[in-house]
Amino acid sequence: MDGLQSYLLRPVVVTTDKADSFGNLPSVTKKDCDVLVKGTGSIRFDFGTESAAWLGLTAPISPVTWR
């Protein structure tokens with residue numbers, strides 16, 4: 001049995017249902033991702049390929065309030 005494999009795969013396209021809820025959303029496709037969450041909304045990532053994986057996100061707790 002193989003151990004956990006970890007790799008970075010950046011999205012090629014990102015879309016949202018509420019553009020005003022996110023600042024700098026296009027940065028998700030770049031090396032230096034810096035998105036500001038300003039309100040509620042959904043983000044959709046297209047990685048351009050199918051992958052047997054799960055998505056992990058890292059974000060500061062403050063000033064963002066996660067619900």
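Legend: calculated FRET efficiency, T29 to D2, from the Cβ-Cβ distance at R0 = 22 Å, rounded to 0.05, equals 0.15. Database remark: amide H of K38 closer than 5 angstrom to the amide H of F22, G23 (H placed geometrically; neighbours at sequence offset of 5 or more, or on other chains; Pro and chain starts carry no H). Computed from phi, the 3J(HN,Hα) profile of the stretch 23-37 under the Karplus parametrisation 6.51, -1.76, 1.60 (θ = phi - 60°) reads x, 6, 4, x, 5, 4, 8, 9, 4, 9, 6, 8, 9, 9, 8 Hz, with x in place of Gly and Pro. Taking label positions 7 Å along the Cα-Cβ direction at both S51 and L9, the computed distance is 0.5 nm, reported to one decimal.
How much length would be gained if the chain were fully extended between D20 and T58, taking 0.36 nm per residue of separation minus their Cα-Cα distance, in nm to one decimal? Present the calculation step by step, with values, prior to reporting the outcome.
On the way: separation 38, 0.36 × 38 = 13.68 nm, distance 2.12 nm.
Result for the pair: 11.6 nm of gain on full extension.
Per residue, how big is the convex hull around the C-alpha atoms of the chain? Give it to me in cubic angstrom, could you?
122 Å³
Values quoted throughout were computed directly from the atomic coordinates according to the rules given, and no laboratory measurement underlies them. Quantities reported herein were computed from a predicted structural model and do not represent experimental measurements. Glycine gets a Cβ as well: all are built from the backbone with ideal geometry, and neighbour counts include every protein chain shown.
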